[in-house]
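Just so it is clear, none of the values below were taken in a lab; they were calculated from the coordinates. In this text the structure is predicted, and so the values were computed from the model without any measurement. Methodologically, a virtual Cβ is constructed for each residue, glycine included, from the backbone with ideal geometry; neighbour enumeration extends over all protein chains shown.
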Amino acid sequence: MNTTSPIDWDEMFEYLPGTIVELKSEPGVLYQIDCYETSMVPPIWLVGNPRPRYPHQMRIVSRQQVKACELELEPSLA
C-alpha cells in the first residue's frame, strides 16, 4: 500500500457501499451508501440522495448490508 497516497484508506473502508447511515442534518432518515469515490470531494454518494457527502455529515447506523467476501475453507485445505 502506498502510504503517501492522498486516499484515506481507513475512511474508504469505513464507509463501504451498503452501509446504512443517518445524516446528522436529517435525524431518523436513513440512507444506504452507494459508493465512495476517491477522486471526488466530498467522496460519499448515497442511494436516493443527489448530493455527495462528507463523513462528518453522517452517522453509521448499520453495516449488515455491506458486501464482503465469505470466509470459507477451500475443500483442498479441509
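Counting only Cα, what are the radius of gyration and maximum Cα-Cα distance Dmax of the range 9-62, in Å?
In Å, with Rg to one decimal and Dmax whole: 9.9, 29.
Relative to the present Cα-Cα distance, how much length would full extension add between residue 7 and residue 63 at 0.36 nm per residue of separation?
18.0 nm
Using R₀ = 22 Å, calculate the FRET efficiency as 1/(1 + (r/R₀)^6) where r is the Cβ-Cβ separation of residue 16 and residue 51; round to 0.05.
FRET efficiency, residue 16 to residue 51: 0.70.
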